[in-house]
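Everything below concerns the one structure shown next.
The values are calculated or read from the model by the stated rules, or taken from the named source; none is laboratory data. This one's a predicted model, so the numbers in the text were calculated from it and none came from an experiment. Cβ atoms come from the backbone with ideal geometry, glycine included; neighbour counts cover every protein chain shown.
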Amino acid sequence: MAERLLTVKGLSTHFFTHAGVVKAVNGVSFTLDRGETIGIVGESGSGKTVAAMSLMRLIPDPPGKVVEGSLMLRDRDLRTISDAEMRHVRGNDIAMIFQDPMTSLNPVMKVGKQIAEAIMLHQDKGKAEAWQMAADLLARVGIPDADKRVDQYPFEFSGGMRQRAMIAMAISCNPDVLIADEPTTALDVTIQAQIIDVVREMQAQYDSGVILITHDLGVIAEMSDKVMVMYGGRTVEYGPVDEIFYNPHHPYTWGLLASLPRLDETEKSRLTPIKGQPPNLITLPPGCPFTPRCPYRRAQCRDIWPKLEVVGPEHGVHCWIPVGERVAIRAGLPHFKEPAV
Amino acid sequence: MIAYIIRRLLQLVIVLFGVTLITFGMLKLVPGDPAVALAGKGASPEKIASVRHERGLDRPFYVQYYKYVERLLHGDLGESLYSSRPVGEMIREAAPVTIQLAVAAVLIELLGIPLGVYSALRQYTFWDTALTTGALILWGIPVFVLGYFAMYIFGLKLDWLPIGGVGPTVLGIIPSTPASWSTLVLPALTLGLIEVAYISYMQRASMLEVSRSDFIRTARAKGLTERKVVWGHGFKNAVIPVMTIAGIDLGVLIGGAIITETVFNRPGIGLMIYQAINSRDTAVIAGGVLFATFFFVFANLLVDLGYAWVDPRVRLED
């Protein structure tokens, strides 16, 4: 049994704005073990990033606040430790790779310094040593001429190289948990694959637990051990990656999978979008946030949040449709007619 | 880099010629005849005509301009129509007075930088609102209103400070006696405080914008202390645009704080130009404006070079 790194229970993060309370994350729970990768998937505004930022305690307060839940890093409660302790956790125990490498690096500071800074802070190394380690890290994430590159500024790096530099920065202190927030979204498709490889290699090397936030199910399929599907700040389905792809139970998960282009589609056909608009997080219904867009909604869906229903090994879903009916509906959907194996 | 500087200096020469042409043209367009002013009150038409001929004022515009530029190329800015003194000498005398005030005012306005940062870090608190409101009010006061007000309070009512004039200096611009320092206080504060308001306002906006950027989040995610995030990552990015403003201000102020120098009766470039305009002293106005333009363009060049120095992304194209 691998070491349990993270235990998140009932996490709710809200933003208190003039327009009203934005309920960005509502009662999200998950765990992460050493060497494991959990994919958090959902559309923009589903609460993926806010959930991760809550773990780092980087939610701007005000207006944001973690209003409920427990966040345990091994046996440490991330909600109650002091700011100084939290700073020690950031970068050292939990590190983060951000979405846009073009803006996530300080434009007027040398790349080497931006990496060395974290090393000097957390590992009690001198400047020269930290600088050398920064160069080594750049080489390790696949940047050629690392000794020269370490002395350059971000604008001298391409997008893919900047993301590699971000990864170097994130792994510089050998963190237990690595949060990758849409690490490939801003990059070219060819570069995306390389970056995923780098993240995977680094995970293997350091045996970190990885939280992968993305709306790209392809990336999820390639990297994750388990998947959490989020919608409107709630976890609607949760399970091992194969279960989510081959035995999905929530109508939103069906929609996500059906919206993927398929290579085995012979005739010209349009992609299948999920009809309707993403929910307004201020006026969320007390029940299932997907209700307005769900073609199979019931009377109680809007008002009562369904309890977790276990439908497979470590596979849970929150949905009011009875399980038998669900399987029958799914079998009738074009995307799921033949198992996509 | 060298090529860039040379090119910019050549551009400066072109700008200066343009400025002389425009100044000359404008002085010909405005009503009033310098010959009448020169000949003195109640002079006979013959006297006026002879003065006009003597000074070459009866020649066509382009001839007058050509003569002026020709002399200019020999380093001769001409003579004052009024006092017959060489304009070059007048500028040499007036410039240190103006530079002293400009440097002092810019040094004071730099106080706006910490104030702006302070405001930004405490956005929407009492002190932020107080500073921002105060800055806006101060910024809205015309310099002559603030100047006369300060003179009235600190000069006349309280009698703490002299209301005008200048004192002895070392190295041309540094006041050498307490009395000399005291003459600088009111004009420098008047000019400086208004700019402090502007600078702090800009610094606040710039700091707030930077603090929302992604790389600040990255810096926090590394576990850096708030102080390092703010000063190590935020400040350098936020101060660049503000330094530009301060640099250009220095150029503008050296060009002559006409109003301030007039209010405080400081014999600098501004007062010189003001008096020359009143007496239609063409050569002095042209010389003064030339001097002002030179420093304005030169300060811009220095700002651009400074930019390249603090911001690695800026590479000056050769």
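Of these, A:31, A:7, which one is assigned to a strand (DSSP E or B), of a type in the set (S, T, N, Q), touching a residue at least 60 places away in the same chain (Cβ under 8 Å) and within 26 Å of residue A:200 (Cβ to Cβ)?
Within the list A:31, A:7, the selection yields A:7.
Taking residue A:205 as the residue in question, decide whether it is over 13 Å from the mean Cα position of the chain (by Cα) and under 17 Å from residue A:98 (Cα atoms).
Working: over 13 Å from the mean Cα position of the chain (by Cα): yes; under 17 Å from residue A:98 (Cα atoms): no.
Considered against the rule, which asks whether it is over 13 Å from the mean Cα position of the chain (by Cα) and under 17 Å from residue A:98 (Cα atoms), residue A:205 comes out as no.
Can you name the helices (runs of 4 or more DSSP H) wholly within the range A:114-209 that have at least 1 residues being within 14 Å of chain B (Cβ to nearest Cβ) and within 21 Å of residue B:223 (Cα to Cα)?
Hits in the range A:114-209: A:127-140, A:159-171.
Out of the residues in the range B:220-235 that are at the interface with chain A (Cβ under 7 Å from one of its Cβ atoms) and over 18 Å from residue A:180 (Cβ atoms), state the one that is surrounded by the most Cβ atoms within 10 Å (Cβ to Cβ).
If we take residues in the range B:220-235 being at the interface with chain A (Cβ under 7 Å from one of its Cβ atoms) and over 18 Å from residue A:180 (Cβ atoms), then B:233 is surrounded by the most Cβ atoms within 10 Å (Cβ to Cβ).
Given the criterion assigned to a helix (DSSP H, G or I), of a type in the set (Gly, Ala, Ser) and either outside the structural domain of residue B:261 (by TED's automatic domain parsing) or touching a residue at least 40 places away in the same chain (Cβ under 8 Å) (or both), identify the matching residue among B:172, B:155, B:164, B:134.
Step by step, each of B:172, B:155, B:164, B:134 is checked, and only B:134 is assigned to a helix (DSSP H, G or I), of a type in the set (Gly, Ala, Ser) and either outside the structural domain of residue B:261 (by TED's automatic domain parsing) or touching a residue at least 40 places away in the same chain (Cβ under 8 Å) (or both).
Considering only the range B:253-288, state which residues are of a type in the set (Phe, Trp, Tyr) and part of a helix (DSSP H, G or I).
The one that is of a type in the set (Phe, Trp, Tyr) and part of a helix (DSSP H, G or I): B:274.
Let me confirm something: among B:121, B:115, which residue is at pLDDT 90 or above and in the same structural domain as residue B:185 (by TED's automatic domain parsing)?
B:115
Filter the range A:163-203 down to the residues that are small (Gly, Ala, Ser) and touching a residue at least 40 places away in the same chain (Cβ under 8 Å) and list them by number. If you could, list the steps in order and put the result at the bottom.
Here is the first cut: in the range A:163-203, the residues small (Gly, Ala, Ser) are A:165, A:168, A:170, A:172, A:180, A:186, A:193.
If the condition is that a residue be small (Gly, Ala, Ser) and touching a residue at least 40 places away in the same chain (Cβ under 8 Å), then A:165, A:168, A:170, A:172, A:180, A:186 are the ones that fit.
What number of residues within the range A:120-139 are buried (at least 24 other Cβ atoms within 10 Å of the Cβ) and not small (Gly, Ala, Ser)?
2
Determine whether the range B:183-196 contains at least one residue that is within 17 Å of residue B:100 (Cα to Cα) and of a type in the set (D, E, K, R).
yes
For the range A:197-250, enumerate the residues that are over 15 Å from residue A:180 (Cβ atoms), buried (at least 19 other Cβ atoms within 10 Å of the Cβ) and among the polar types (S, T, N, Q).
Answer for the range A:197-250, where residues must be over 15 Å from residue A:180 (Cβ atoms), buried (at least 19 other Cβ atoms within 10 Å of the Cβ) and among the polar types (S, T, N, Q): just A:235.
How many residues are surrounded by fewer than 12 Cβ atoms within 10 Å (Cβ to Cβ) and among the small types (Gly, Ala, Ser) when one looks only at the range B:136-157?
Total satisfying the criteria: 1.
Yes/no per residue for (1) among the polar types (S, T, N, Q); (2) touching a Gly at 6+ places or on another chain (Cβ under 8 Å); (3) buried (at least 21 other Cβ atoms within 10 Å of the Cβ):
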site: A:70; (1), (2), (3): yes, yes, no
site: A:85; (1), (2), (3): no, no, no
site: A:111; (1), (2), (3): no, no, yes
site: A:114; (1), (2), (3): yes, no, yes
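Could you please let me know if residue B:210 is over 30 Å from residue A:183 (Cα atoms), without any contact (Cβ under 8 Å) to a residue 60 or more places away in the chain and assigned to a helix (DSSP H, G or I)?
Values: over 30 Å from residue A:183 (Cα atoms): no; without any contact (Cβ under 8 Å) to a residue 60 or more places away in the chain: yes; assigned to a helix (DSSP H, G or I): yes.
Judged against the criteria, residue B:210 is not a match.
For the range A:297-326, how many residues meet the condition of being surrounded by 15 or more Cβ atoms within 10 Å (Cβ to Cβ) and outside any strand (DSSP E or B)?
11
For the range A:63-107, name all the residues that are under 15 Å from residue A:165 (Cβ atoms), assigned to a loop (DSSP other than H, G, I, E, B) and not small (Gly, Ala, Ser).
If the condition is that a residue be under 15 Å from residue A:165 (Cβ atoms), assigned to a loop (DSSP other than H, G, I, E, B) and not small (Gly, Ala, Ser), then A:98, A:99, A:100, A:101, A:102, A:103, A:105, A:106, A:107 are the ones that fit.
Out of B:205, B:238, which single residue is within 14 Å of another protein chain (Cβ to nearest Cβ), closer than 15 Å to residue B:115 by Cβ and surrounded by 16 or more Cβ atoms within 10 Å (Cβ to Cβ)?
B:238
When you scan the range B:85-92, do you find a residue that is farther than 30 Å from residue B:190 by Cβ and modelled with pLDDT under 85, even just one?
No, the range B:85-92 contains no residue that is farther than 30 Å from residue B:190 by Cβ and modelled with pLDDT under 85.
All but one of (1) surrounded by fewer than 20 Cβ atoms within 10 Å (Cβ to Cβ); (2) under 25 Å from residue A:40 (Cβ atoms) hold for residue A:148; which doesn't?
Of everything listed in (1) surrounded by fewer than 20 Cβ atoms within 10 Å (Cβ to Cβ); (2) under 25 Å from residue A:40 (Cβ atoms), residue A:148 misses just condition (2).
Search the range B:23-49 for residues that are at negative phi and pair each with any residue that is part of a loop (DSSP other than H, G, I, E, B) and hydrophobic (A, V, I, L, M, F, W, C) when their beta-carbon atoms are under 6 Å apart and the residues are at least 6 apart or on different chains.
That search, which allows pairs on different chains as well, returns B:34/B:81; B:35/B:57; B:38/B:81.
Residue by residue through the range B:233-274, note down the ones that are closer than 30 Å to residue B:121 by Cα and either of a type in the set (Lys, Arg) or not assigned by TED's automatic domain parsing to the domain that holds residue B:191 (or both).
Hit for the range B:233-274 is B:236, nothing else.
Go through (1) modelled with pLDDT under 85; (2) crowded, with 23+ Cβ neighbours inside 10 Å for residue B:199 and report which single condition fails.
(1) is the only condition that residue B:199 fails.
Residues being surrounded by 14 or more Cβ atoms within 10 Å (Cβ to Cβ), of a type outside the set (D, E, K, R) and part of a helix (DSSP H, G or I): count how many of those fall in the range B:49-68.
Total satisfying the criteria: 6.
Kindly indicate which of B:284, B:310 is under 21 Å from the mean Cα position of the chain (by Cα), among the aliphatic types (A, V, I, L, M) and either surrounded by fewer than 24 Cβ atoms within 10 Å (Cβ to Cβ) or more than 19 Å from residue A:155 (Cα to Cα) (or both).
Matching residue, one of B:284, B:310: B:284.
Which residues, counting only those in the range B:257-281, are of a type in the set (D, E, K, R) and within 14 Å of residue B:93 (Cβ to Cβ)?
B:261, B:266
Of everything in the range B:85-103, what is out of contact with any Pro (no Cβ under 8 Å at 6 or more places or on another chain), in a helix (DSSP H, G or I) and not polar (S, T, N, Q)? Give them in sequence order.
Selection gives B:87, B:88, B:89, B:90, B:91, B:92, B:95, B:96, B:99, B:102, B:103.
Restricting attention to the range A:97-109, and to residues there that are surrounded by fewer than 23 Cβ atoms within 10 Å (Cβ to Cβ) and out of contact with any strand residue (DSSP E or B) (no Cβ under 7 Å at 6 or more places or on another chain), which single residue is farthest from the other protein chains (Cβ to nearest Cβ)?
Step by step, filter the range A:97-109, then rank; the result is A:102.
Residues that are within 13 Å of another protein chain (Cβ to nearest Cβ) and of a type outside the set (Phe, Trp, Tyr): does the range B:241-252 have at least one?
yes
Give just the number: which of (1) at pLDDT 90 or above; (2) within 14 Å of chain A (Cβ to nearest Cβ) does residue B:269 not satisfy?
For residue B:269, the failing item is (2).
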